[in-house]
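We did not get these values from a lab; they are worked out from the coordinates using the rules stated. Remember, predicted model here, so these are calculated numbers, not experimental data. Glycine gets a Cβ as well: all are built from the backbone with ideal geometry, and neighbour counts include every protein chain shown.
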Amino acid sequence: MVNPMAGEVALVLDGERRVLKLTLGALAELEEALGAESLVALVERFETGGFRARDVMALLLAGLHGGGHPLPASALLGAEIEGGAVEAARVAGLLLARAFNPAGAAG
């Protein structure tokens, strides 16, 4: 069961439903992975549609780690994501939205 108020989002990888969450540690991992100056800059990239595939993958990986799934990046790169790239981008954006405003992030 996904709890949106706790910032959780579901994603199906290789046929298995997983709960993702951006904890503080996962956010720090995300900043490091993307070399981001700030998380605000990353949020702005998603809001304006200027995000890259690398951003999506880093967000999903950080969310998996925050959700208690310690997958290596190579496992995510080779995984089958139900819904493909569109679903991956949707989940990544929703993760960001729920990390900073769980009450206002529907979806």
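Net charge around His65, counting only other residues with Cβ within less than 10 Å of its Cβ (Lys, Arg = +1; Asp, Glu = -1)?
0
Based on DSSP H segments of at least four residues, each scored -39500 (n - 2.57), the chain has a per-residue ellipticity at 222 nm of -16500 deg cm²/dmol.
Computing Rg and the Kirkwood Rh from the Cα coordinates of segment 4-102 gives a ratio, Rg/Rh, of 0.92. Remark on Gly67: its backbone amide H falls under 5 Å from those of Lys21, a criterion applied only to residues 5 or more positions apart or on other chains, H modelled at 1.01 Å from N.
Grab the other residues whose beta carbon is less than 12 angstrom from that of Asn3, score K and R as +1, D and E as -1, and report the net. With Lys, Arg at +1 and Asp, Glu at -1, the neighbours total +1. For segment 75-87, 3J(HN,Hα) computed residue by residue from phi via the Karplus equation (6.51, -1.76, 1.60; θ = phi - 60°) reads 5, 5, 4, x, 7, 8, 9, 5, x, x, 5, 5, 5 Hz, glycine and proline entered as x. Peptides 57-65, 38-46, 88-96, 69-77 ranked from most to least packed by the mean count of surrounding Cβ atoms within 10 Å: 57-65, 88-96, 38-46, 69-77. Which one of Leu96, Val2, Ser38 is farthest out on the positive end of the charge dipole of the chain, using unit charges on Cβ (Lys, Arg +1; Asp, Glu -1) and the Cα centre as origin? About the Cα centre, the residue reaching furthest to the positive side is Val2. Note on segment 4-102: with charges restricted to the Cβ of Lys and Arg (+1) and Asp and Glu (-1), its dipole about the Cα centre is near 120 debye.
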